[in-house]
Amino acid sequence: MLFNSAHFLVFLPIVLILAKILKGTYQRVFLLLASLYFYNAWHPASIVCNDIRTSTWYENWIDLSFCNFNINLYIIILIVSMIVDYVAGRLMSREGVSEQFRKLCLVASLITNLGILAYFKYTNFLLEVFADLFNQISTGEPLKIEHLKIILPVGISFYTFQSMSYSIDVFRRNLEARKSFLDFALYVSFFPQLVAGPIVRAHTFFRDLDDTPKVTAEDVQIAFAQILMGFTRKIVFADNLAKVVDFTFNNYKILNPAEIWVGAMAFGWQIYFDFAGYTDIAIGTARLFGYKFDPNFNFPMVARNIADHWSRWHISFSTWIRDYIYIPLGGSRVGVLKGYRNLFITWLFAGIWHGAAYHFVGWGLWQGVMLGIHREYSKTKIAVWLNEKGGLSYDIGARIFTMFCLSFGFILFRAKTMQASWEMMKSLVFAVPGGVFSVKTFVNYDYGILLVICFILSYYFSRNPIETIVENKKKFGVFVTANLFIILFFGAGGQNFLYFDF
């Protein structure tokens, strides 16, 4: 179910009212069923129900579930993940079990979750890599492998990571295993963050589940403001920027470097507004039920450097890979070379998590390169001096430079192929015939003004968080009125959230 749909606007108040009426176990059962209903509303656009397939058992299964009975049987995958991690947690927490047995339980959990994720998300990519390697060493006929018709279940990357973090924390004895399967199932499937995050840690969710704080009038105001801002970010900014982004990446061969720059930065802002908008709605919705999730974005597009950017962007994911990959590898405490090895392994993993394609691998490695360069630069005397004496000019310049560096990553993330990424990145450094304005088209320049507005507004709101706005009744009134106005008159809407593909 999409947040930006009439279905959700009917679903949310009904669920909210009934959840407030019900108490205790009845409320938890109801929220679990509501969450499964929310997930069941997802129907992949690739399935055409008037074209029934009968060639394989897999296609028959798809027809039976999505078309004939209108039931999304991919819920089975979600439930399997719940059961495996719940049982693993219970077994690991039993008194008297050996460490070897506890490790076996953890391995079983990881293999199940990563195996399911790998099959649905990476099978075709691994086949492509195999074919490429074979063709590199073979002198015979090129090997061509057709992609399997595998539908990626929405949200699988998010809920598998959330569920795995629970198993790992129980194994580390950082968390007590949950006795109630109902509680654990609700943790994994709670509908606000189910399909696109944030990746909520178990201790955060169970803290509020066990002692759900009373939802005050201030909570409702903050939640409403956050949901409203989420819709503004999505249907006003992200969906309008999508127009220039789609044109740029579909027609990059006829555009000049200046237009490629605008299109690349427009995508950075589009995916920020799209994903931050989703998590704003998710966090605000959860708050209406008494669950206070940690922020997932902290205005990353006005960061002063790449490390600052990643401390602000998709915080639940960046802290996940830090806690469960980078630190277990040894972090930066293992010497310079091994420290950089750990950095690149972590960001290679981050790239592959986002997508099964070479350009996502390139994106992850580019983040590692930028972070490595920044790590060395921050140790220099000139960096220390500029941070202390640079003043406002250096502060603004550092933010603009960070955005320019991120733009190469935006291209790697959005382009359809590595070849397309390479050609567009060459254009960014003007390594193309004809110079800066090789083709006189009028496509992206108006959006350059919109990007400047985005930058200024993000900088302003980074200094004035929602909680501060809500405290001032006048500011709150202006905020609500302004958002409703621009949604009404400038909202584009009608598009899926981008992170549904991950």
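The values are calculated or read from the model by the stated rules, or taken from the named source; none is laboratory data. Just so you know, these numbers come straight off a predicted model, no measurement behind them. Cβ: placed from backbone, ideal geometry, glycine included. Neighbour counts: every protein chain shown. Calculation scope for accessible area: heavy atoms of the full protein, side chains included, ligands and nucleic acids excluded. Shrake-Rupley method; radii C 1.70, N 1.55, O 1.52, S 1.80 Å.
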Exercise. For region 314-339, how many residues meet the condition of being of a type in the set (Phe, Trp, Tyr) and either more than 25 Å from TYR278 (Cβ to Cβ) or in contact with a Ser or Thr (Cβ under 6 Å, 6 or more places away or on another chain) (or both)?
Worked result: 1
Exercise. Can you name the residue in region 326-337 that is surrounded by 14 or more Cβ atoms within 10 Å (Cβ to Cβ) and modelled with pLDDT of 90 or more and, of all such residues, is farthest from the chain's Cα centre (by Cα)?
Worked result: LEU329
For this session: Check LEU148, LEU175, LEU78 and return the single one that is closer than 23 Å to PHE293 by Cβ and in a loop (DSSP other than H, G, I, E, B).
Result: LEU175
Exercise. For region 216-235, how many residues meet the condition of being under 16 Å from PHE479 (Cα atoms), among the aliphatic types (A, V, I, L, M) and open to solvent by 30 Å² or more (accessible area, probe 1.4 Å)?
Worked result: 1
Problem set entry | Total residues in region 386-427, condition under 22 Å from GLY364 (Cα atoms), open to solvent by 50 Å² or more (accessible area, probe 1.4 Å) and polar (S, T, N, Q) | 2
Exercise. Inside region 441-477, can you point out the residues that are surrounded by 12 or more Cβ atoms within 10 Å (Cβ to Cβ), over 15 Å from TRP269 (Cβ atoms) and at pLDDT below 70?
Worked result: THR441, VAL443, TYR445, ASN464
Exercise. Looking at TYR58, TYR37, TYR26, which is the one that is at pLDDT 80 or above, out of contact with any Leu (no Cβ under 7 Å at 6 or more places or on another chain), closer than 14 Å to LEU73 by Cα and of a type in the set (Ser, Thr, Tyr)?
Worked result: TYR37
For this session: For region 358-401, enumerate the residues that are basic (Lys, Arg) and over 20 Å from GLY335 (Cβ atoms).
Result: LYS381, LYS389, ARG399
Problem set entry | Criterion violated by VAL195 - all others in (1) assigned to a helix (DSSP H, G or I); (2) touching a Gly at 6+ places or on another chain (Cβ under 6 Å) satisfied | (1)
Seminar exercise, completed: Being closer than 26 Å to PHE430 by Cα, out of contact with any helix residue (DSSP H, G or I) (no Cβ under 7 Å at 6 or more places or on another chain) and not small (Gly, Ala, Ser) narrows ASP246, ASP308 down to just ASP246
Seminar exercise, completed: Reported set for region 276-300 where residues are crowded, with 22+ Cβ neighbours inside 10 Å and farther than 30 Å from GLN27 by Cβ is PRO300
For this session: Within region 345-385, track down each residue that is open to solvent by less than 40 Å² (accessible area, probe 1.4 Å) and either among the aliphatic types (A, V, I, L, M) or touching an Asp or Glu at 6+ places or on another chain (Cβ under 8 Å) (or both).
Result: ALA350, GLY355, ALA356, ALA357, VAL361, MET370, LEU371, ALA383
Exercise. If you scan region 151-169, which residues turn out to be of a type outside the set (A, V, I, L, M) and in a loop (DSSP other than H, G, I, E, B)?
Worked result: PRO153, GLY155
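Do you know which of the residues in region 141-160 that are out of contact with any Gly (no Cβ under 8 Å at 6 or more places or on another chain) and buried (at least 20 other Cβ atoms within 10 Å of the Cβ) is farthest from LEU127 (Cα to Cα)?
TYR159
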Problem set entry | Candidates ILE283, ILE260, filtered to the one that is within 23 Å of HIS309 (Cβ to Cβ), modelled with pLDDT of 90 or more, aliphatic (A, V, I, L, M) and in a helix (DSSP H, G or I) | ILE283
Problem set entry | ALA196 on the phi < 0 side of the Ramachandran plot, at pLDDT below 90 and not assigned by the TED database to the domain that holds TYR86 | no
Problem set entry | Residue in region 428-440 that is modelled with the lowest pLDDT, counting only those that are open to solvent by 70 Å² or more (accessible area, probe 1.4 Å) and among the hydrophobic types (A, V, I, L, M, F, W, C) | PHE437
Problem set entry | Boolean, ALA238 is touching a helix residue (DSSP H, G or I) at 6+ places or on another chain (Cβ under 9 Å), buried (at least 21 other Cβ atoms within 10 Å of the Cβ), modelled with pLDDT of 90 or more and not in a loop (DSSP other than H, G, I, E, B) | no
